[in-house]
């Protein structure tokens, strides 16, 4: 009997094919929903901090419709994730710092940018690593909440061989209605893994914070277990 993966995010067709072509079964649902909220940004800042694709979309949309678009676009960005960086660069932004995880970005900022000012675009459930680092080092920053993450729990009347998690809130949503028990938890990053560790010790973290890498880790683990 083939093993089955549950994804806590509905994947794109090419991502689904990675799983199905490996011989694993695939089930998916959206464990969270996102609501974007109106914001006002002050362009009198040295850097933007972006830690998710959602906040990157907000920044791009805001700047593109602003009367001072060029001024906003000329503010460099410190960001988390290759794909987020690529998205921002494709819309004309310059990437000053790029890290795989929020904790890494926080370390770089406190080491190299203590005299700078920052505007941090975040979601309501963001991790504390970056704000804590900025506060502890007396670095000037303003945080703007630009989207709301809502949990959308769903009860499954079966178990899975692996569950793919892409955010701490995805873990929270799944565990509100289900248990991990002996299921492998495949996590996109450290903060997601830290949340999953509250419910299981069977955790594998992606070597790069991308959806594709989470899938690859699951395929490698479950097909050779």
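Annotation: peptides 119-130, 16-27, ranked by per-residue average of other Cβ atoms within 10 Å with the highest first, follow the order 119-130, 16-27. For the chain, the convex hull spanned by the alpha carbon atoms encloses 120 Å³ per residue. Here region 138-224 is treated as a Stokes sphere of Kirkwood radius computed over C-alpha pairs; at 4 °C and 1.567 mPa s its diffusion coefficient rounds to 93 µm²/s. Taken over the Cα atoms of region 36-147, the convex hull encloses 86 Å³ per residue.
Here region 1-83 was treated as a single set of alpha-carbon atoms; its pair distances binned every 5 Å from 0 give 3, 11, 18, 16, 13, 10, 10, 9, 6, 4, 1, 0 percent. Pairwise Cα distances in region 1-44 exceed 16 Å for 53 percent of all pairs.
Read-outs throughout are calculated quantities, based only on the coordinates presented, and are distinct from any laboratory measurement. In this text, all values refer to a predicted model and were calculated from it rather than measured experimentally. Here Cβ is always computed from backbone atoms with ideal geometry, including for glycine, and neighbour counts include all displayed protein chains.
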